[in-house]
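Structure first, then comments.
The values are calculated or read from the model by the stated rules, or taken from the named source; none is laboratory data. On a predicted model such as this, the values are computed, not experimentally measured, just so you know. Cβ: placed from backbone, ideal geometry, glycine included. Neighbour counts: every protein chain shown. Just the protein is used for accessible areas: all its heavy atoms, side chains included, with ligands, DNA and RNA removed. Shrake-Rupley method; radii C 1.70, N 1.55, O 1.52, S 1.80 Å.
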Amino acid sequence: METTPHAATESDRKQHVRRKHYKGRYPRHFEEKYKELNPEKYNGFAVHVASKGNTPAGTHIPIMVKEILDFLQIKPGQTGFDATLGYGGHTRAMLDQLRGNGHLHATDVDPIESEKTLRRLREAGYGEAVLSVHNMNFAGIDKIVAETGPFDFILADLGISSMQLDDPARGFTYKTDGPLDLRMNPRRGIPAAKLLRKLSTDELEGMLTENADEPYAAEIACTICRDLQEGVMIQTTRQLYQEIEKALRFVPLPARKEVVKKSAARVFQALRIDVNGEFEALYTFLEKLPYALAPRGRVAILTFHSGEDRLVKKAFRTFLKDGLFCDAARDVIRPSAEECFKNPRARSVKFRWGIRSE
């Protein structure tokens, strides 16, 4: 049977799909930022974006690395705990201090990002002998301690990762429209859109006040709950932002845009904290913290809003009073002006430390 030399094969018949064009120097849409989303391949571009004071999409710049390492004084042979793996920036810096001798345990509730981070770290040479990643909340630190013994050093970076903020599909930001989700682990719990429908006006107002110190909590809660009762859909991040705009129409025009922007950030923060049970997890972690540290063990905690910092400050004072800590930071340590320029997301950070008694 004759065959023509130009007969189309199965692969030939498949339509070729061209990669999306990288639109301009800084594309607006997340899915078009493939150079920023692939720093291993386009590292030069990611470095360029970071040099302009921006965080490359889908990545995360670790905060106050030098200050943390200077305090923790990690030595080869020690065992440590990283409460929030995230993009792995702090993790990698601590692993480098161990120099292949010792072990670091890390936890993270986000199965999507932690899987990516673990793969990057393994490819960078950090094998099972020096790094273990646990897909769990850091509040369960005692379960790991039961197997490993107390840690020589602990780091808890309580901020949300830039990878989660950047991806509109995760619903963490009002800047790009996406589903109103806000779950760190999208496979568990209920999304923020569903939570809103369950709350009364008083409950929502209380949440916005307690979790974010929102000055317009009453007005925002009243508008959202009334509109939900009247059948208004609040399923996306932009729809929630529009509700906040509506609630703050009474603010004079010259200042309204900035007021709405700041209130929106606080509302999203308050919802995220509640959806993920962040305060409950922090309470539990702090209760177990002294007993997870070896004698003279060191802990560093980065907080990103006043509610978190109050809890850490109060706990550390109690540990000092009860003799569980021999020393702790009296005042917070802030990132430098230079770091805040390079990474604007560092501006709200407060760093506190403590040292376990003998």
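Data overview
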read-out: Evaluation of residue 294 against (1) part of a helix (DSSP H, G or I); (2) small (Gly, Ala, Ser); (3) surrounded by fewer than 21 Cβ atoms within 10 Å (Cβ to Cβ) (one fails), failing number; value: (1)
read-out: Criterion: part of a loop (DSSP other than H, G, I, E, B), under 21 Å from residue 144 (Cα atoms) and either more than 18 Å from the chain's Cα centre (by Cα) or modelled with pLDDT of 90 or more (or both) - qualifying residue of 35, 75; value: 75
read-out: Qualifying residue in the range 305-313 (condition: buried (at least 17 other Cβ atoms within 10 Å of the Cβ) and assigned to a strand (DSSP E or B)); value: no
read-out: Count of residues meeting criterion [under 27 Å from residue 266 (Cβ atoms) and open to solvent by less than 50 Å² (accessible area, probe 1.4 Å)] in the range 314-326; value: 2
read-out: Residues of the range 134-164 satisfying the condition of being open to solvent by 30 Å² or more (accessible area, probe 1.4 Å), touching a residue at least 24 places away in the same chain (Cβ under 8 Å) and part of a helix (DSSP H, G or I); value: 142, 148
read-out: Cβ-Cβ under 8 Å pairs, at least 6 apart or on other chains, the range 94-122 side over 21 Å from residue 67 (Cβ atoms), far side of a type in the set (Gly, Ala, Ser) and part of a helix (DSSP H, G or I); value: 107/140; 108/114
read-out: Test: residue 195 is open to solvent by less than 10 Å² (accessible area, probe 1.4 Å) and of a type outside the set (Asp, Glu); value: no
read-out: Within the range 263-284, tally of residues that are under 17 Å from the mean Cα position of the chain (by Cα) and either over 30 Å from residue 250 (Cβ atoms) or open to solvent by less than 20 Å² (accessible area, probe 1.4 Å) (or both); value: 12
read-out: Residue pairs meeting the criteria (Cβ under 7 Å; at least 6 apart or on separate chains; first modelled with pLDDT of 95 or more, in the range 296-319; second open to solvent by 20 Å² or more (accessible area, probe 1.4 Å) and among the polar types (S, T, N, Q)); value: 298/73
read-out: Near pairs, Cβ below 6 angstrom, 6+ apart or cross-chain, from the range 327-341 (open to solvent by 100 Å² or more (accessible area, probe 1.4 Å)) to any residue that is not in a helix (DSSP H, G or I); value: 341/53
read-out: Number of the exception - residue 171 against (1) at pLDDT below 95; (2) surrounded by fewer than 22 Cβ atoms within 10 Å (Cβ to Cβ); value: (2)
